[in-house]
Amino acid sequence: MHRRVAVPALFAAVAGGVAYALLRLRRGGDPGGRASGRRGRAGRREQPPHEEYRCDCGQTFLVSGAGRHRVYWLPGASPSDPVLSPSCPECERPLPRDPQVAGAPAT
């Protein structure tokens, strides 16, 4: 192959590969663009549903996740502002790390 043809062809192949990689990164790595959350109108991801937890002192929390991956938020707080301590900010009681199972006896 002549150099005049090989260099532009190589450049086009590399540019195509870079464009494909950037597109995959933008979509989150999956071909359909549907990574972990569902997309609502205008392509924005819908927030996963949150459970509600009420501490014995009466403080209400929104809860997402399970086990050691449970995350608590105060009502009205931003998703980027979770409760970072392992206890209730009002009464210092420990927040549960396991989901409450319906019908299970209390221990």
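The values are calculated or read from the model by the stated rules, or taken from the named source; none is laboratory data. This is a predicted model, so every value here is computed, not measured. Here Cβ is always computed from backbone atoms with ideal geometry, including for glycine, and neighbour counts include all displayed protein chains.
Which residue is modelled with the lowest pLDDT, if the candidates are limited to region 47-56 and must be over 14 Å from the mean Cα position of the chain (by Cα) and surrounded by 11 or more Cβ atoms within 10 Å (Cβ to Cβ)? Checked region 47-56; the qualifying residue modelled with the lowest pLDDT is GLU51.
Residues checked against (1) farther than 23 Å from ASP98 by Cβ; (2) surrounded by 11 or more Cβ atoms within 10 Å (Cβ to Cβ); (3) out of contact with any Ser or Thr (no Cβ under 7 Å at 6 or more places or on another chain); (4) at pLDDT 90 or above:
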{"position": "LEU25", "(1), (2), (3), (4)": "yes, no, yes, no"}
{"position": "GLY29", "(1), (2), (3), (4)": "yes, no, yes, no"}
{"position": "GLY40", "(1), (2), (3), (4)": "yes, no, yes, no"}
{"position": "ARG45", "(1), (2), (3), (4)": "yes, yes, yes, no"}
{"position": "GLY58", "(1), (2), (3), (4)": "no, no, yes, yes"}
{"position": "SER64", "(1), (2), (3), (4)": "no, yes, yes, no"}
{"position": "TYR72", "(1), (2), (3), (4)": "no, yes, yes, yes"}
{"position": "SER78", "(1), (2), (3), (4)": "yes, no, yes, no"}
{"position": "PRO82", "(1), (2), (3), (4)": "no, yes, yes, yes"}
